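For reference, the structure is listed below as structure tokens.
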Amino acid sequence: MPSIIQRQGSSGSAIISNDKSSIEIAASSLYASRLPTFESDDMTSWEATVFASQAAYKEAKMNPEDINFAELHDAFTPVELMSYEDLGFCKKGKGKDMIRKGITNINGKLPVNASGGLKA
């Protein structure tokens with residue numbers, strides 16, 4: 001089951017199970033940006049997320065459409081929406097529609113932050 005775990009500034013994941021499994025990390029990519037968001041050309045996107053996701057998709061031979069759940073950094077309300085767009089889950093400006101249509105709900109087509117998110 002492909003997934004993306006993305007954190008701005010740091011990353012990590014834990015897979016916990018009592019059962020033996022054949023989990024494979026299909027790709028890993030890291031890009032960093034030193035420019036504060038308010039100094040960037042586009043305050044609604046993080047280039048590092050765009051570049052890292054594109055590199056990871058290429059390495060894994062996958063596309064955003066192949067992802068079936070995601071855990072995203074959501075310290076601030078707009079960050080989750082920006083991540084939907086930067087990770088290629090939707091076109092620019094359409095992140096809100098993913099929420100309104102229930103796509104990101106736990107039983108939606110692409111559940112996001114099923115853990116409850118950063119503040120849970």
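The values are calculated or read from the model by the stated rules, or taken from the named source; none is laboratory data. Since the structure is predicted, the reported quantities are computational estimates derived from the model, not experimental observations. Positions of Cβ are generated from backbone atoms using ideal geometry, with glycine treated the same way; all protein chains shown enter the neighbour counts.
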Failed criterion for SER83 (all others in (1) out of contact with any strand residue (DSSP E or B) (no Cβ under 6 Å at 6 or more places or on another chain); (2) within 20 Å of SER28 (Cα to Cα); (3) in a helix (DSSP H, G or I) hold):
(1)
Per the filter on region 75-94, residues touching an Asp or Glu at 6+ places or on another chain (Cβ under 9 Å) and buried (at least 21 other Cβ atoms within 10 Å of the Cβ) are GLU80, SER83, ASP86, PHE89
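Look at region 56-80 and say how many of its residues are part of a loop (DSSP other than H, G, I, E, B) and free of Cβ contacts under 8 Å to residues at least 40 places away in the same chain. Break it down into steps so the answer makes sense when it comes.
Going through region 56-80, the residues part of a loop (DSSP other than H, G, I, E, B) turn out to be 61-63, 67-69, 73-76.
Subsequent filtering for residues that are free of Cβ contacts under 8 Å to residues at least 40 places away in the same chain retains 61, 63, 76.
The qualifying residues number 3.
Tell me which residues, restricted to region 32-50, are part of a loop (DSSP other than H, G, I, E, B) and either within 14 Å of the chain's Cα centre (by Cα) or charged (D, E, K, R) (or both).
Once the filter is applied, which keeps residues that are part of a loop (DSSP other than H, G, I, E, B) and either within 14 Å of the chain's Cα centre (by Cα) or charged (D, E, K, R) (or both), region 32-50 yields ARG34, ASP41, ASP42, SER45, TRP46.
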Being assigned to a helix (DSSP H, G or I) and more than 12 Å from the chain's Cα centre (by Cα) narrows LYS109, LYS96, LYS91 down to just LYS96
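Just for region 27-75: of the residues that are among the acidic types (Asp, Glu) and under 25 Å from ILE106 (Cβ atoms), which one is modelled with the lowest pLDDT?
As a first pass, look at region 27-75 and keep what is among the acidic types (Asp, Glu): 39, 41-42, 47, 59, 65-66, 71, 74.
Those left that are additionally under 25 Å from ILE106 (Cβ atoms): 65-66, 71, 74.
Working: GLU65: 95, ASP66: 92, GLU71: 87, ASP74: 79.
The residue in question is ASP74.
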